[in-house]
Amino acid sequence: MYKSINVHEFNTSQKLAILIPTIFILNAALKSFIERFRISEDFHWIYGWGSIITLIIGLLTIASSAANSISIILEPKFKLKILWLLLSASVFLYFGIGMTVAMTRNVG
């Protein structure tokens, strides 16, 4: 039989490794939803404030992803370290690869 996964067995770094990409994906979905208010005259303020808030949340998740990845690397006893590291660094890697691709397209 399979052993059930108990969330209470995860340490803080593992919980953050799951939480940070989830927040990043929800933030991207929220940004897409907020774009609908750009055209509205009555609710344009939702677009203005929502864009700023999603930008701040996006930058915080990138910084949190990098910080949590460093804490996973520095933690000595960690099962499946590479899996948790990739999950935690996914947001930072997504941003880094996206910036690299964007910069190389404009060079040549």
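Restricted to segment 60-82, and to residues there that are open to solvent by less than 100 Å² (accessible area, probe 1.4 Å) and among the hydrophobic types (A, V, I, L, M, F, W, C), the residue that is nearest to LEU26 (Cα to Cα) is ILE62.
One residue alone among ILE57, ILE62, ILE82 is closer than 29 Å to GLU9 by Cα, modelled with pLDDT under 90 and not in a loop (DSSP other than H, G, I, E, B), and that residue is ILE82. Picking from residues in segment 45-59 that are open to solvent by less than 40 Å² (accessible area, probe 1.4 Å) and in contact (Cβ under 8 Å) with a residue 12 or more places away in the chain, the one that is nearest to LEU87 (Cα to Cα) is GLY58. VAL101 passes every criterion in (1) farther than 30 Å from GLU9 by Cβ; (2) open to solvent by 90 Å² or more (accessible area, probe 1.4 Å) apart from (2). Flag: ALA89 matches the condition of being in contact (Cβ under 8 Å) with a residue 24 or more places away in the chain and within 13 Å of the chain's Cα centre (by Cα). Among the residues of segment 25-44, is any among the acidic types (Asp, Glu), open to solvent by 70 Å² or more (accessible area, probe 1.4 Å) and outside any helix (DSSP H, G or I)? Within segment 25-44, one or more residues are among the acidic types (Asp, Glu), open to solvent by 70 Å² or more (accessible area, probe 1.4 Å) and outside any helix (DSSP H, G or I).
The values are calculated or read from the model by the stated rules, or taken from the named source; none is laboratory data. All of these numbers come straight from a predicted model, not from anything done at the bench. Every residue, glycine among them, receives a Cβ derived from its backbone with ideal geometry; neighbour counts consider all protein chains shown. Protein only, heavy atoms only, side chains kept; ligands, DNA and RNA dropped before computing areas. Shrake-Rupley method; radii C 1.70, N 1.55, O 1.52, S 1.80 Å.
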